[in-house]
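Novice: Encoded as structure tokens, here's the structure I'll be asking about.
Every number in this text was worked out from the coordinates using simple rules, so none of it is lab data. As the structure is a prediction and not an experimental result, all values here were calculated from the model. Glycine also receives a Cβ, built like all others from the backbone with ideal geometry; neighbour counts cover every protein chain displayed.
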Amino acid sequence: MPEVQNIDLKETVEVERIIDHLEGNTSGPTVVFFAGIHGNEPAGIFALKKVFKALKSQSTGITGEIYAIAGNLGALNKHVRFQTVDLNRIWFPERIKKILAKEQTDVEEEKELNALYGVLKAILKEGTPPFYFIDLHTTSSDTTPFIVLNDSLLNRKYASNYPLPIILGIEEYLEGALLSYINELGYVSLGFESGQHDDRKAVENCIDFIAFTLQLTNVAPTLKSDGHGLTSFDGASHKFFEIYHQHTIGPKDRFKMFPGFVNFQEIPKRTEIAVSNGTLIKTRKKRQIFMPLYQDQGGEGFYFIRPIPKFLLWLSKELRRFKVDHLLVKLPGVQWKSKQKDTLIVDQRIARFMAKSIFHLLGYRARQFDETHLVVKSREIASRNNEYKNTGWF
Ligand SMILES: [Zn+2]
């Protein structure tokens, strides 16, 4: 059985694909936690083990079901992010189909995906809605805990119950994440980053987060966690942030972040932040940095984020509610790409005024299709709002 080590806690545990599973006497929601999709991020595994132990010893009454699933078992055992490819960058419907059709593969992560897909399918078939999917991660830099999610109103509404900063729009930069795949199936799904990879605080924050989640979803409302509770995001006047820039590291690039940057840090203009292939990277304006990379593996060097004004959060909700996007096709250069009316193709030579930010407001995710066309896909249509409308938080 693969072993997983936590350096700070000096603990080693054995893990299987299904770390644990509990089912209550009364039926209710199905809450699924994934941990260790990145093998060098074992905090979630340790946290889940501890929460399940508490659930069993406190004999806390459970409504519904809780699953704890291990992600990249092979990489966890070796304490590396991945072995061949990043398991959190290959969840494209087309690619999944190809992987499932293969009889054999040398790519370790394709075997892991195959196993995870089987577990996910079985849970969706046998579990009772509403479903909640939570992916537990940690970061290479020091950080206050935060939530990342695909921007649908359903996800936003659910996540806004946590006293944590929430980062929207990562799916436009990171393709093939497990949570994006699940979100496109219409379920509530969010990622939680609990702290620095090997810091014991990351495990403690994760325990608090899991306990909070089980209370919020009403699955284990009386569970007590030993933690200090989730503290609110210190000194923040804004809760929602959006990513507007990613520094992508090419396969041959030599990238090095300068030491000392922490997540969410505000950086004055003309600060030297990293070096790439011998060239200094300096901020041209005042920036807020997000997820600076302090490890060898990984294709994203850093991001820039900005707070989303409350007015825009409100406006985007109203625009989506009234399906203003359906008026866009009346504009020159904008057409439906699909019969389901969830994807638009925009000829940027004609519709020059259509900025990505307009599509973001309307709930669309943009992809450059070719030099002159932008393809944008709605994240709203798939949402299974009906399955959540009787929950306490909806
Ligand atoms: Zn991760």
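Novice: Among 12-24, 144-156, 274-286, how do they line up from the highest to the lowest mean number of other beta-carbon atoms within 10 Å?
Specialist: Details: 12-24: 15.3, 144-156: 22.2, 274-286: 11.8.
Put in order of decreasing packing, that is 144-156, 12-24, 274-286.
Novice: Name the shape class, rounded, prolate or oblate, that the alpha-carbon gyration tensor gives for the stretch 320-378, where a ≥ b ≥ c are the square roots of its eigenvalues, rounded holds for a/c under 1.5, and otherwise prolate holds if a/b is larger than b/c and oblate otherwise.
Specialist: On the way: a/c = 1.43, a/b = 1.39, b/c = 1.03.
Because its axes are fairly even, with a/c under 1.5, the stretch 320-378 counts as rounded.
Novice: Size of the stretch 243-394 along its principal axes in angstrom, Cα-based, largest extent first?
Specialist: 48, 46, 28
Novice: Using a Cα-Cα cut-off of under 15 Å, which aspartates and glutamates could be cross-linked to residue 317, ignoring same-chain neighbours fewer than 8 residues away?
Specialist: Reachable aspartates and glutamates: 151, 325, 380.
Novice: Which shape class, rounded, prolate or oblate, goes with the stretch 2-136 when its Cα gyration tensor gives a ≥ b ≥ c as root eigenvalues, a/c under 1.5 marks rounded, and past that a/b bigger than b/c marks prolate? Write down the numbers at each step before the final one.
Specialist: Numbers: a/c = 2.61, a/b = 1.23, b/c = 2.13.
Since a/c reaches 1.5 but b/c is at least a/b, the shape of the stretch 2-136 is classed as oblate.
Novice: So what is the diffusion coefficient of the chain in µm² per second by Stokes-Einstein at 4 °C and 1.567 mPa s, using a Kirkwood Rh over Cα pairs? List each step's numbers first, then the result.
Specialist: Values: Rh = 22.0 Å.
So the translational diffusion coefficient is about 59 µm²/s.
Novice: A further question on this structure: Given the convex hull of the Cα atoms of the stretch 16-57, what is a quarter of its surface area in nm²? It would help to have the intermediate numbers written out before the result.
Specialist: Working: hull surface 13.8 nm².
Directional mean of the projected Cα hull area for the stretch 16-57 stands at 3.4 nm².
Novice: While we're looking at this one, here's another question. Given 0.36 nm per residue, what is the gain on full extension from residue 254 to residue 78 after removing their alpha carbon distance, in nm?
Specialist: Working: separation 176, 0.36 × 176 = 63.36 nm, distance 2.39 nm.
Additional length available on full extension: 61.0 nm.
Novice: Can you tell me how the stretch 62-129 classifies by the Cα gyration tensor, rounded, prolate or oblate, using a/c under 1.5 as the rounded cut? Numbers along the way, then the final one.
Specialist: On the way: a/c = 2.57, a/b = 1.42, b/c = 1.81.
Verdict is oblate for the stretch 62-129.
Novice: May I ask which of 50/201; 102/377; 125/157; 10/111; 53/224 have a Cα-Cα span longer than 19 Å here?
Specialist: Details: 50/201 14 Å; 102/377 29 Å; 125/157 25 Å; 10/111 29 Å; 53/224 12 Å.
The pairs that break the limit, which is 19 Å between Cα atoms, are 102/377; 125/157; 10/111.
Novice: Oh, and also: Most fluctuating residue of 169, 39, 250 in a GNM of the chain with Cα springs under 10 Å: which is it?
Specialist: 250
Novice: Still on this structure, I have one more. Quick one, can you get me the convex hull of the C-alpha atoms of the stretch 240-307 expressed as volume per residue in Å³?
Specialist: Details: hull volume 5.7 nm³, N = 68.
Hull volume normalised by residue count: 85 Å³.
Novice: I want the antiparallel fraction of DSSP beta bridges within the chain, as a percent rounded to 5. Display every interim value, and only then the final one.
Specialist: On the way: 44 of 70 bridges.
DSSP beta bridges in the chain are roughly 65 percent antiparallel.
Novice: Taking the highest mean first, how do the peptides 199-207, 187-195, 384-392, 114-122 order by number of other beta carbon atoms within 10 angstrom per residue? Before the final figure, lay out each step's value.
Specialist: Working: 199-207: 22.9, 187-195: 25.2, 384-392: 13.1, 114-122: 15.0.
Ranking the peptides 199-207, 187-195, 384-392, 114-122 by packing returns 187-195, 199-207, 114-122, 384-392.
Novice: Separate question: Restricting to DSSP loop positions (anything but H, G, I, E, B) with no more than 14 other Cβ atoms inside 10 Å of their own Cβ, which GluC sites (Glu not before Pro) remain in the stretch 33-128? Could the numbers behind the result be given before it?
Specialist: Numbers: sites: 65, 94, 103, 108, 109, 110, 112, 126; in loops: 103.
Answer in residue order: 103.
Novice: Would you mind pulling out the separation of the Cα centroids of the stretch 101-150 and the stretch 184-208, in Å?
Specialist: A separation of 13 Å, based on Cα centres.
Novice: Select from the stretch 333-377 those trypsin sites (Lys or Arg not before Pro) which occupy a DSSP coil region and have at most 13 other Cβ atoms within 10 Å, ordered by residue number.
Specialist: 339, 349, 352
Novice: What does DSSP give for the stretch 5-101 in terms of the percent of beta bridges that are antiparallel, rounded to the nearest 5?
Specialist: Values: 7 of 14 bridges.
That works out to approximately 50 percent antiparallel.
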